[in-house]
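Below is one structure, written out as structure tokens, with a few remarks after it.
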Amino acid sequence: MTKFRMSWFGILALLAAGSSASAQTFPTQRVTIVVPFTAGSITDGLARILADKLGDMWKQQVIVENRPGIPGTTGVAKAAPDGYTLMLTSNGHTIVRAISKSVQYDPVKDFAGVSQVAVVPFAVVVPVDSPAKSIKEFIALANQKPGQLNFSSAGVASTTYLAAEVFKQQAKINIQHVPYRGAPEAVTAAVRGDANIYFCPVPTAQEMSAAGKLRVLAVNSAKRLPQLPDAPTLAEAGVPSYKYDSWFGVMAPAGTPKAILTKISQDIAKALQLSDVTEKLLTQGSIPAPTTPEQFDAIIKDDTERYTKVLKDAGIEPQ
């Protein structure tokens, strides 16, 4: 009897061929994009734009599921690594283990980067009746009332939280974090005066400022924004060391085949190049910024290390 023998190279070649074939036909069923934030958030808006275009490309249903908070992300980490469960989240993802003991996943090891989708600058806003009319005045006010002022965010580990936390540390001020269940509630808190400062999506800041409901003090981008040409950058406004890039991107469970990750990444890049998609993103204050899976993995790893150290150096312990 002749025994069948195959070298490891042959086995690997067959596996690679099978993976490539699987990627070529992907997807053959519904794809779910999980958003660990509420409907109406920046993340949710980006996911719905992408789901619409990817569904057209793939001729398959692509749905968005809002599963706010850590439970939503945990569910994705434990999902089958087949490309049919994805997650679109913010770079707040990189700090969850630094602020919460209850997290049951590793933001780097348990996920595979698919593609960064967009970077989103923020406007720094205060209630319209705030005595602070500039960043320097707000810092002075915070120093006069240490621990008495606060900042709102769309929730712990949201990009609005991280942008404000970096500001707090770089400005060397003591202000308290008040998390809300999403961006709409966080901005409403600033309008009501319940929050003393908020890092706000630019379109919302434009609308609220024009209506006389919020005052824009600065923007957190490296350069001034054409939408708010009179607003200085935080570096110009008195916090020269401030540097924070807020990004949003698509991830998959760790172990998802590389060929499938690459296909999804390439299709996301194609979607982001469509003129109507670019227009929608710019309207909501987002700048398209697709990457390869490898590039996005590097960003996730670097930011996890950087922001974990930032929080640790500030004495912030997981709760």
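No lab work stands behind these numbers, since they all come straight from the coordinates. Just so it is clear, the model here is predicted, and its values are computed rather than measured.
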Completion exercise
With the 8 Å Cα cutoff and a minimum separation of six or more residues, the range 122-237 has a relative contact order in percent of 37 percent
Practice task
Take every DSSP beta bridge whose two residues both sit in the range 122-237, then give the antiparallel share in percent to the nearest 5.
Solution key: 55 percent
Fill in the blank from the handout: Among LYS213/LYS301; LYS223/LYS309; LYS53/LYS258; LYS101/LYS168, the pairs whose Cα-Cα distance exceeds 30 Å are LYS213/LYS301
Practice task
Could you tell me which label, among [x] 16.1; [y] 17.0; [z] 18.5, carries the value of mean projected area of the Cα convex hull in nm² calculated for this structure?
Solution key: [z]
Completion exercise
To the nearest 10 degrees, the tilt of helix 42-58 (Cα long axis) against the first principal axis of the alpha carbons of the chain is 30 degrees
Problem - Degrees separating the helix 135-144 axis from the principal Cα axis of the chain, which is the longest one - result: 70 degrees
Exercise for the section: Calculate for the chain the 222 nm mean residue ellipticity that helices alone would give, adding -39,500 (n - 2.57) per DSSP H run of length 4 or more and normalising by residue count, nearest 500 deg cm²/dmol. Expected result: -13500 deg cm²/dmol
Exercise for the section: Could you please state, rounded to a whole Å, how far the C-alpha centre of the range 153-174 is from the C-alpha centre of the range 23-50? Expected result: 27 Å
Practice task
Run the numbers on the chain and let me know its relative contact order in percent, using alpha-carbon pairs under 8 Å that are six or more apart.
Solution key: 27 percent
Exercise for the section: Name the most mobile residue of MET208, MET57, MET251, meaning the one with the largest mean-square fluctuation, in a Gaussian network model of the chain with Cα contacts below 10 Å. Expected result: MET57
Exercise for the section: Any chance you could give the angle, 0 to 90 degrees and rounded to 10, that helix 183-192 forms with the longest Cα principal axis of the chain? Expected result: 0 degrees
Exercise for the section: With just the Cα atoms of the range 122-237, tell me how far they stretch along each of the three principal axes, in Å, largest first. Expected result: 34, 30, 26
